1. R0 = 30 Å: FRET efficiency of Ala38 with Lys64, Cβ-based, nearest 0.05?
2. Using the Cβ atoms and a cut-off under 13 Å, what net charge is assigned to the surroundings of Glu84, where Lys and Arg are +1 and Asp and Glu are -1?
3. Which value in nm describes the separation of the simple spin-label points at Leu122 and Ala107, placed 7 Å from the Cα toward the beta carbon?
Amino acid sequence: MTKSNHSRGRSSVRVSVRLSPEERQTLEQAAQGKTLSAYIRQKLLSSDSINTETVRLSPQARQKLLAQILAALGKSDVADSLKEIAIAAKLGLLPLTEDVLSDIKTATTQIKFIRKTLLKALGLKPRGGAK
C-alpha cells in the first residue's frame, strides 16, 4: 500500500504499519508533541546504520567528495607500501606463506576496485594501461 504525494515538489511514499492501541499510545507519549510520522521517521532514519546525509547531497557536492577520496587514495602511501612488500618478497625478506599471498592479493583487488569505482562515479577513465 503506497501512495505518492507530489504536493511538496518531490515524490514521497506512504508506508503503513499496524499497531495495537497500546503501541500507538506508547509512541504518542514518546513523540512528546511531534506528529507520529515525524517521530517515527526521526527514529528510523537517525540511526548510525543509515546515512541520510549522503542521500541529500547535490550531484556537484557528491562529485567533489568522490574526487577528494580519489585524491586521498592517490596521495596515500598504499601503493608505495605494496611496492615495498613486493620488493621484500623478491629479495626473500618476506616469508610468502599462503596467508601472506592471499592477503596481498585481496588488498590489491580491493584497491583496484576502489579506484575503478571512484573513477567511474566521477565519469573518468583510467590513464594508460591501468585497469
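1. 0.45
2. Net charge around Glu84: 0.
3. For Leu122 paired with Ala107, the spin-label model returns 2.3 nm.
Each reported figure results from applying straightforward, stated rules to the coordinates on display, with no laboratory input. Predicted model only: the values in this text are computed from it and were never measured. Because the Cβ atoms are built from the backbone with ideal geometry, glycine has one as well, and the counts that use them run over all protein chains shown.
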